[in-house]
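Each remark here refers to the structure printed beneath this line.
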Amino acid sequence: MVVAILYDYFFQPQRIRGIYSIPGELPVVGHLHLSLHNPAKAYMEWASRYNKSVYQIRLGTRWVVVVNSYDAVVDIWMNHSCQNNSRPVSYTFHGLIGSYHSFTVGSTPQSITYRRKKRAISQLLHTKSISSRESFICEEIEFILHEIREVANDTDVDLTNYLKYFALRCSVFLTYGIHLDCFGKDNALCNEIISNESNIIRLRSPISNFQDSIPLLKHFPSLTNARLASQCGYKREMYMSELYHRFQDGFRDGHEDNISSFVGQLLAESSVNQLNEAEIYSICLTFISAGLDNTPLNLNYLLGILSQPEVGWSYQSKAVNEILANSRGDSTRAWEQSNGSDLRNAYVHALILETLRQFTVLPLSLPRTITRDILYENVKIPAGTQLFMNAYAANHDATHFVAPFEFRPERWIDENGHISFTAKAYQHFAFGAGSRMCSGYSFALKEMYIFMVKILLMFEVHPPDSNLMITDPFVSNGNPRATSFEPLGHNIKLSLRQFPNSERPHDMALII
């Protein structure tokens, strides 16, 4: 007890005056012990219990401001985006995992190098650039649908790995111009990347790495996950080097795929973008790691929703009827139209938006650091303060969303049957908010949209005989200490969709 008191005397930071402090704080650990499992859920419950949407908690030697309501997120993240624009540097993620080369763009603190990397990614992912690559996205989707058809024959199937392979193949080809053979000779490499990146996203948690909150533990690595973090950093360096060497071989040989890839573009324009080797590596790392959580897990959740008894069939029937109505009842025409750049099927779009809101892969988002003082409701939040956006709580704020815990795609559609693009209605926080919002949002949305149109034209989705998805992501979370949801595996049942005419769009997937 004496040691704990002395430790607190020397290391306890100052509370922020004017912001409510959650009770239950202990010496040394602060509030860590109260939110180790599903912290976003715990923070949401505290906001309700203490009637405070914004409050502060102590995690070891630091105080953190937690923001839970929709309006407070809009105010602090969007109205003060210039001040709320950096990332905290952690011992585990930045010092151990990132020590071999560089950080991802999203985890880079505010700096000149961050601005250069962010600007380069925004240029690579702007609308014109993505539109020019739509044919590739469609080819990858049709490839993976063909692989799914091989195993989906009115039997239960878990699509988790198929969807992760799809996301990885897209990322690697766009970044390097390399086609990974995930089901053949590159299977071991693909599984290594997927497994290691999953471990890394767990280690990015601002809660479960005790050595980040209690600096004394850095000297006792056997008591923490520090060794695992070092191993993950080493493994990441190995496969990132292998991918870059493959790119270099193709680039030197003049292969068009490698030359026109993102890395090829960055190297060709190096005199303009002024990126150094480490910054290009960081951008590559960002593209490989960023897509492995959001896109496949959201698609898997939406397919799990469509497999729910009673309601699932209603959702997909509405979607398919709209798809056919927008293609004059011609299923083959609908298949081809899905390759276009517009999201013409509002209900499919709404299904995806509601999935992003309801599921929120990163329920606690990623922490921010304030670079200049923020005045929030007459309280000064000083520069250097760490902020947690409870994205799940904001996305389920009853003052903004009617029946927030119900899956209602219609909430995104206006009276004219179109997606509502009004500033406040068309907003969720699954991809963050403000100056650090994910630059790949439009690309991910397009990937998910085209995938869903094609899979709905190709298959009917039915409830499985066993292992139906649990729709509450907290209940089905296989690793409640991780940064992102890690849903337990679930099954769906797929059968080829039949149309009254002889046209069968799903046969088009067989040509890949």
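The values are calculated or read from the model by the stated rules, or taken from the named source; none is laboratory data. This structure is a prediction, so every number in the text was calculated from the model and none was measured. Methodologically, a virtual Cβ is constructed for each residue, glycine included, from the backbone with ideal geometry; neighbour enumeration extends over all protein chains shown.
Below, the figures for the structure above:
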| item | result |
| --- | --- |
| Pick from the range 315-363, criterion basic (K, R) and in contact (Cβ under 8 Å) with a residue 12 or more places away in the chain, ranking: farthest from I450 (Cα to Cα) | R357 |
| Among residues of the range 359-396, those that are closer than 24 Å to S484 by Cα, more than 20 Å from the chain's Cα centre (by Cα) and part of a loop (DSSP other than H, G, I, E, B), counted | 2 |
| When residues of the range 224-233 are limited to those that are among the polar types (S, T, N, Q) and farther than 15 Å from L36 by Cβ, the one surrounded by the most Cβ atoms within 10 Å (Cβ to Cβ) | S230 |
| Tally of residues being at pLDDT 85 or above, surrounded by fewer than 18 Cβ atoms within 10 Å (Cβ to Cβ) and farther than 18 Å from N321 by Cα across the range 488-511 | 2 |
| Residue that is surrounded by the most Cβ atoms within 10 Å (Cβ to Cβ) [pool: residues in the range 176-223 that are touching a residue at least 24 places away in the same chain (Cβ under 8 Å) and of a type in the set (S, T, Y)] | Y176 |
| Filter pass, G312 being assigned to a helix (DSSP H, G or I) and closer than 29 Å to A430 by Cα | yes |
| Selected residue [farther than 20 Å from S260 by Cβ and at pLDDT 95 or above] from L180, L145, L168 | L145 |
| Criterion (within 30 Å of Q265 (Cα to Cα), small (G, A, S), touching a Phe, Trp or Tyr at 6+ places or on another chain (Cβ under 7 Å) and surrounded by 17 or more Cβ atoms within 10 Å (Cβ to Cβ)) met by exactly one of S86, S35, S107 | S107 |
| Which numbered condition I130 fails, given (1) surrounded by fewer than 20 Cβ atoms within 10 Å (Cβ to Cβ); (2) hydrophobic (A, V, I, L, M, F, W, C); (3) modelled with pLDDT of 90 or more | (3) |
| In the range 168-188, residue nearest to the chain's Cα centre (by Cα) [restricted to those that are closer than 23 Å to E142 by Cβ, of a type in the set (A, V, I, L, M, F, W, C) and assigned to a helix (DSSP H, G or I)] | L168 |
| Qualifying positions in the range 239-256 - over 13 Å from L180 (Cα atoms), of a type in the set (D, E, K, R) and in a helix (DSSP H, G or I) | D249, R252, E256 |
| Set V320, V348: member being in contact with a Lys or Arg (Cβ under 8 Å, 6 or more places away or on another chain) and either part of a helix (DSSP H, G or I) or of a type in the set (S, T, Y) (or both) | V320 |
| Of all residues in the range 323-354 being in contact with a helix residue (DSSP H, G or I) (Cβ under 6 Å, 6 or more places away or on another chain) and at pLDDT below 90, the one that is nearest to F499 (Cα to Cα) | S338 |
| Close pairs (8 angstrom Cβ cut-off, 6 or more residues apart or separate chains): of a type in the set (A, V, I, L, M) in the range 246-262, crowded, with 17+ Cβ neighbours inside 10 Å anywhere | I259/G177; I259/F251 |
| Qualifying position, being at pLDDT 95 or above and within 30 Å of S365 (Cα to Cα), among F474, F485 | F474 |
| Residue identified as outside any loop (DSSP other than H, G, I, E, B) and free of Cβ contacts under 8 Å to residues at least 60 places away in the same chain among Y234, Y165 | Y165 |
| Total residues in the range 98-127, condition part of a helix (DSSP H, G or I) and modelled with pLDDT of 85 or more | 13 |
| Test: residue in the range 426-436 that is in contact (Cβ under 8 Å) with a residue 12 or more places away in the chain, touching a Pro at 6+ places or on another chain (Cβ under 7 Å) and not acidic (D, E) | no |
| Subset of the range 60-71 (residues that are modelled with pLDDT of 95 or more, touching a helix residue (DSSP H, G or I) at 6+ places or on another chain (Cβ under 7 Å) and farther than 16 Å from P382 by Cα) | N68, S69, Y70 |
| V74 vs. criteria modelled with pLDDT of 90 or more and under 28 Å from S230 (Cβ atoms) | no |
